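Derivation of every value follows stated rules applied to the coordinates shown; laboratory data play no part. Remember, predicted model here, so these are calculated numbers, not experimental data. Virtual Cβ from ideal backbone geometry, glycine too; neighbours counted across all protein chains shown.
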Amino acid sequence: MTDTLASQGEGAALAPAPLDGAFLTEKSKLFWLAFWTGFLTVLTLGIYRFWARTRLRRYIWSAIDAGGDSFEYTGTGLEKFLGFLIALVVLAVYLGLLQVGLSFIGFNLWGAVTLEPSGSRDVLIQLGVTYVTGLAVLPLIFYAQYRSRRYMLSRTRWRGLRFGLDAAALGYVWRALLYFALSLVTFGLLIPLATFRLEKYMTDRMWYGDANFEQEGQWWGLYPAMKHLLIALAVLVLGGAVGIFGSARGLGTVIIIAGSIWFLCGLVYYQVESFKYLTAHKLLDGTVRFTSNASSHQVIGICVLGIILIAISSIVLSVVLWLVFGIVLASGGSVLNGGGAGIGIFAGAGVAVALVAGLGYLASLVLIGALVTVFISAPILGHYVDTLRVENAQPLEQIHQRAGDRMADADGFADALDIGGAF
Amino acid sequence: MGFTWVDARYFDGRSAQRRQVFVSLDVESQRLTIHDHLGADLDIWPLETLRQMRDDAGAGMVLCSGAVDPGEARVILANARAIAAIKAACPNLTKATVTPRTWGKIVAWVGASTAAVALMVFVIVPALAGQLAVFIPPERETRVGSAVLRHIERLLLDKDAGDWRCTNPKGQMALEQMAQALQQGQEFPYAIQVGVVDHAMINAFALPGGHIIVMRGLIDMAETSDQLAAVLAHELGHVAQRDPIEQALRAAGRAGLLSLVLGDATGGAALALAGEALISAKNSRDVEARADDFALAQMRKAGVSPEALAEFFELLLEEMGNSALDLGWISSHPPSAARAAHARAAVQLERDYKKTVSPEQWQAIQQICAE
């Protein structure tokens with residue numbers, strides 16, 4: 001193995017060969033890691049989740065290979081835990097004050113609303129009061145998204161060099177709010193603008209060692225990726241029209257269901273195609289280019305297969321649990337209780353039954369979480385990695401290390417607000 | 001057992017260059033030496049500082065040097081025999097060192113964040129809620145109260161149960177007379193509206209805007225009209241202090257805080273609920289004491305014996321032993337011997353006490369839900 005690697009390395013030095021990504025996991029190893037860390041998380045009432053996520057990331061990162069060298073994740077559970085504590089204090093103060101203030105305003109506005117909302121204006125005001133809390137959290141969510149990307153990159157190494165993202169979360173927040181609003185008022189027509197500009201904002205501030213990334217291309221270049229979403233929308237409108245005006249309610253329902261499935265697939269298609277476009281227009285250090293050959297068919301296939309597998313194992317699991325449950329129930333808990341008299345037996349049985357039910361429920365949740373990781377999240381990530389290529393890897397050798405990024409709050413905000421992807 | 005000149009990959013952590021190197025393990029001098037392809041020493045790592053990257057998906061071994069923080073450089077070994085030799089020679093390979101300074105940081109942060117969240121929940125939010133509640137115009141508060149009342153009706157009422165408000169006119173009049181007597185010499189920001197609902201729960205509560213709701217179960221339990229008067233006086237205390245709207249603001253301020261702490265961890269939701277209940281119990285204790293004092297003062301003005309409040313608490317204490325469910329007033333108003341004693345201490349021995357309503361009127365109140 002070392003020999004082939006050596007010759008590869010020398011080859012790269014002579015002619016600019018492309019560098020291919022590869023995702024190398026063993027499903028069983030990943031499953032046990034996900035299951036065991038999930039189990040510990042439940043056991044510690046959630047405190048272990050910071051270490052669990054870190055261990056899972058370490059494993060996943062080390063399974064990502066580019067040109068024979070794997071990635072490395074250097075984050076620690078402890079820094080995530082401390083970061084979470086910091087975020088907690090900030091959020092407790094912000095959300096506490098905000099919610100008292102908003103309720104105060106809400107109570108004062110109550111007079112503006114007639115007691116039973118009669119007109120659309122009243123409904124709007126009431127909706128506004130209800131959802132304004134959610135909107136007030138939105139800036140925090142964007143802030144947390146940026147910070148968590150920055151934390152993740154600063155803890156990611158390849159060939160010994162760190163990645164990085166500039167400290168510019170506030171600029172991201174107002175841009176994200178602006179593009180979010182624009183997408184909303186145009187009924188989604190400007191989603192490509194939001195996707196592109198936000199990705200550009202991040203990419204232009206992203207580093208590998210001392211080399212800067214750049215996002216090229218145009219925002220309207222993402223419209224072809226919207227293709228299936230628009231078709232699905234047309235199908236949905238058609239279904240509605242047939243159902244309402246064509247008086248063929250059954251046919252209309254069928255068309256609407258088909259349109260909804262199409263829409264879901266369209267979402268995946270947009271994700272994959274926009275990723276491909278954005279990847280093809282990324283530039284590192286002014287010379288290094290990338291290509292992604294990800295396929296939306298494959299991603300949809302992984303999802304469908306994963307859902308079927310998980311559904312089957314859930315059914316098997318619940319049958320097994322019900323059997324165990326039935327045995328405990330039938331034996332009146334005497335297996336666990338060891339016998340007794342009168343009320344004692346019933347009380348013991350109750351405790352045993354509740355215990356088995358509770359443990360079974362928790363175990364199934366942990367198990368399903370692990371299965372989702374192994375059969376859906378990891379394979380999808382794997383597909384993106386396997387189809388990624390660095391076109392001219394040779395200039396990479398000239399890149400040097402960057403200084404570490406301490407980030408005391410780590411990705412605590414993302415943890416507290418429960419955002420962030422599968423890993 | 002050591003080894004010499006084993007192939008490995010090396011990243012110095014300064015540039016992205018991958019170097020083919022050779023490593024030698026010398027157990028005697030306790031070090032791992034990294035040579036470049038010409039044989040010159042690139043780096044020498046003491047075995048005690050050698051650490052292996054954990055949870056690694058690769059088949060080989062990724063090594064770094066650093067007892068506390070991993071250093072920048074990495075050696076990646078693929079040779080199985082060399083890996084076994086290093087595992088045998090380095091006892092610290094997977095050791096994670098947490099320095100006393102780090103422990104100090106953990107303790108400090110856990111303490112500080114707990115204190116900050118507690119300060120927020122127990123001091124800042126209640127204080128703010130109290131300050132703001134005063135600024136809500138009473139007429140708006142009345143509307144909020146009506147909305148809350150409708151919401152409760154929707155929650156408790158089966159759709160075919162018909163009218164749940166008890167409206168027997170004689171009973172209603174007697175009840176209003178009782179409430180009137182207990183309002184003597186006291187200004188309220190809004191008109192008091194007392195109503196009875198047909199529900200077996202032993203409960204009574206004040207809503208924002210001067211609504212006081214008594215449940216039939218409580219009237220059934222009361223042995224004398226004075227005991228009902230004591231409960232009414234207590235609820236009037238909440239109204240006078242604008243507690244309901246203040247409690248609503250407080251609840252808003254701490255909503256979701258505990259689920260923030262516990263995250264989406266399995267079982268966290270149940271814990272969060274239990275915690276919320278604890279917090280509100282803690283918050284309500286002094287609120288209840290103030291309402292008790294208000295009740296005692298108003299009962300004195302109306303000439304009702306404070307003994308009735310003591311008796312009612314004792315009835316509740318008994319009831320707590322009997323039924324585990326339908327606690328109603330008991331859970332929101334924890335009765336205690338101390339509160340009963342406090343009420344009894346207000347009894348003036350030489351004074352003649354009277355009733356707020358006649359025996360006939362008391363009977364009418366007891367039958368307020370009968371058609």
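Taking R0 as 45 Å, what's the FRET efficiency between residue B:201 and residue B:297 from their Cβ-Cβ distance, rounded to 0.05?
Given R0 = 45 Å and the Cβ-Cβ separation, E is 0.95.
Looking at region B:85-148, which chymotrypsin sites (Phe, Trp or Tyr not before Pro) are DSSP coil and have at most 10 other C-beta atoms within 10 Å of their C-beta? Spell out each step's value before the answer.
Values: sites: B:103, B:109, B:122, B:135; in loops: B:135.
When the chymotrypsin sites (Phe, Trp or Tyr not before Pro) of region B:85-148 are filtered for loop state and at most 10 Cβ neighbours within 10 Å, B:135 remain.
Tell me, in nm to one decimal, what length is gained between residue A:178 and residue A:27 on full extension, where the rule is 0.36 nm per residue of separation less the Cα-Cα distance?
So the extension gain works out to 50.2 nm.
Between residue B:26 and residue B:347, what is 0.36 nm times their sequence separation minus the Cα-Cα distance? Round to one decimal in nm.
Result for the pair: 106.5 nm of gain on full extension.
How much of the pair distance distribution for region B:3-89 lies past 14 Å, counting alpha-carbon pairs only, in percent?
Working: 2274 of 3741 pairs.
Here the tail beyond 14 Å accounts for 61 percent of pairs.
If you average the sequence gap of Cα pairs under 8 Å that are 6 or more apart and divide by the length of region B:3-89, what percent do you get for the contact order?
27 percent.
Using the basic label-point model (7 angstrom from Cα toward the beta carbon), what is the residue B:67 to residue A:187 distance in nanometres?
Calculated label separation equals 6.8 nm.
Grab the Cα-Cα distance for residue B:131 and residue B:223, subtract it from 0.36 nm times how many residues apart they are, and report the gain in nm with one decimal.
So the chain would gain 29.2 nm between residue B:131 and residue B:223.
Which part of region A:70-110 falls in the paramagnetic zone of residue A:418, meaning amide N under 16 Å from the point 7 Å along Cα-to-beta-carbon?
Answer for region A:70-110: A:88, A:92.
Using Cα-Cα distances under 8 Å and only pairs 6 or more residues apart, what relative contact order does region A:169-288 have, in percent?
It rounds to 27 percent for region A:169-288.
Any idea how far apart residue B:97 and residue B:318 come out in nm if each label point goes 7 Å out from Cα toward Cβ?
Reported label-point gap for residue B:97 and residue B:318 is 7.1 nm.
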